[in-house]
Amino acid sequence: MEALRTEALDEVAAATTTAALKDVEVRWLGKKGRLTALLKELGGLSPDDRKARGQALNELKRDITDAVAQREIAVAQAELAAQAAGERLDPTLPGLPVDAGRLHPLTRVIDSVEDVFERMGFHILDYPEAETEFFNFDGLNIPADHPARDTQDTFYLADGNVLRTHTSPGQVRAMRDLKPPFRAIFPGRVYRCEATDASHEHTFHQVEGLMIDRHVSVAHMLHSMMTLLTGVFGRPVQVRLRPGFFPFVEPGFELDLRCMVCEGAGCPVCKRSGWVELLPCGLVHPNVIRHGGLDPEEWEGWAFGLGLSRLVMMRYQIDDIRWLMSGDLRFVRQF
Ligand code: FA5
């Protein structure tokens, strides 16, 4: 019995890993282990011998079990210490870079446009992209036979509505929604069924500006638009004003911006003219005021329709409008 004890405890003491210790435990105490076999043999002994030997074997079993349990703790600690010694933490190493994401240049410019107009007391409104023909055309004094209604320019929806071709439908909606006098801008996405090039997209952004009051002037409209441009660019910009025709304004104008991609030298964005069509505007036509539910004898208004996507191109010298809606992260990460 003593020889067995010595042999078993020596094996336990010699095990230096958790796996080796497990082997020793199975070899002695497992189902087919040596001690288990000896215990099974007890059945063949006389009652007296069985009692004495049984007691001795049980003591041996308890000693081996205790020794394994103690050795287990020591081996686990040694293994942990060895692992820790191999894995050094170096607190001076730089951390992993965090990619925080960026605002799209369109979002940045919309934010600064809203900022400028909020300071001038304008409401900021949001109107639907799927519009009725009435708000997109009729309400804006665009008759049924006007070429802008041609399917070439307009995406028609299955239910007879259209994807708005400009933000101007908001003019009639705003007049119906707000109590005059008021001033408001409404930025948003617009759609046109047209071929794309460096300065034309089928899906692009505009910001409409509208002021309704008892007396409004072209001078005030121009002042608001120049405040907008200097606010966005942070410096005075070069513009030119020329007459323009839109059925919903009278008189109508086009405000062009000196091309900032080529500094006026001529490039595909400005079609080599040095000027970019950016800000059509005018005094709101009396018919539109009437459709807005107001009396044109009492109320006047001015409106502009800023080509926001082109403004973004000018602000960041982007040489092709198609980058804006491309979803290309390499593009967005530059800003
Ligand atoms: C309009 O959309 C009028 N609703 C603007 C307006 C509002 C006039 C209020 C008077 C009073 P126009 O079709 O010119 O007008 O478009 C306005 C601006 O949107 C253009 O000056 C240009 O900067 C931009 N734009 C027009 N078509 C495209 C296009 N395909 N891609 C990118 N920008 C465009």
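Residues are listed down the side, and each one gets a yes or a no for (1) closer than 18 Å to V113 by Cα; (2) modelled with pLDDT of 95 or more:
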position: R242; (1), (2): no, yes
position: V249; (1), (2): no, yes
position: G252; (1), (2): no, yes
position: R272; (1), (2): no, no
position: P286; (1), (2): no, yes
position: E300; (1), (2): no, yes
position: L308; (1), (2): yes, yes
position: G327; (1), (2): no, no
position: R333; (1), (2): no, no
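Just the residues that are surrounded by 11 or more Cβ atoms within 10 Å (Cβ to Cβ) and among the acidic types (D, E), please, taken from region 112-162.
E114, D115, E118, E129, E131, E133, D138, D153
Would you pick out the residues in region 1-60 that are polar (S, T, N, Q) and closer than 29 Å to A76 by Cβ?
Residues satisfying the conditions are T6, T16, T17, T18, T36, N58.
For region 1-98, please list each of the helices (runs of 4 or more DSSP H) lying entirely inside it that holds at least 1 residues being surrounded by fewer than 14 Cβ atoms within 10 Å (Cβ to Cβ), free of Cβ contacts under 8 Å to residues at least 12 places away in the same chain and under 60 Å from the mean Cα position of the chain (by Cα). Break it down into steps so the answer makes sense when it comes.
Numbers: elements: 2-14, 18-29, 34-41, 47-86.
Passing ranges, in order: 18-29, 47-86.
Please state which one of L178, L157, L163 is modelled with pLDDT of 95 or more, among the hydrophobic types (A, V, I, L, M, F, W, C) and farther than 28 Å from D111 by Cα.
L157
In region 188-224, which residues are open to solvent by less than 20 Å² (accessible area, probe 1.4 Å) and more than 11 Å from the ligand (Cβ to nearest atom)?
G188, M211, I212, S224, listed by residue number.
Go over the candidates R240, R333 one by one and state the one that is in contact with a Lys or Arg (Cβ under 9 Å, 6 or more places away or on another chain), open to solvent by 50 Å² or more (accessible area, probe 1.4 Å) and within 15 Å of the ligand (Cβ to nearest atom). Before the answer, list the steps.
Numbers: R333 fails: within 15 Å of the ligand (Cβ to nearest atom).
When all the criteria are applied, what remains is R240.
Can you spot a residue in region 277-298 that is without any contact (Cβ under 8 Å) to a residue 40 or more places away in the chain and either of a type in the set (S, T, N, Q) or over 25 Å from F186 (Cβ atoms) (or both)?
yes
The values are calculated or read from the model by the stated rules, or taken from the named source; none is laboratory data. Model, not experiment: these values are computed from the prediction. Don't worry about glycine lacking a Cβ; one is built from the backbone with ideal geometry, like all the others, and counts go over all protein chains shown. Accessible surface is based on the protein model in full, side chains and every heavy atom, while ligands, DNA and RNA are left aside. Shrake-Rupley method; radii C 1.70, N 1.55, O 1.52, S 1.80 Å.
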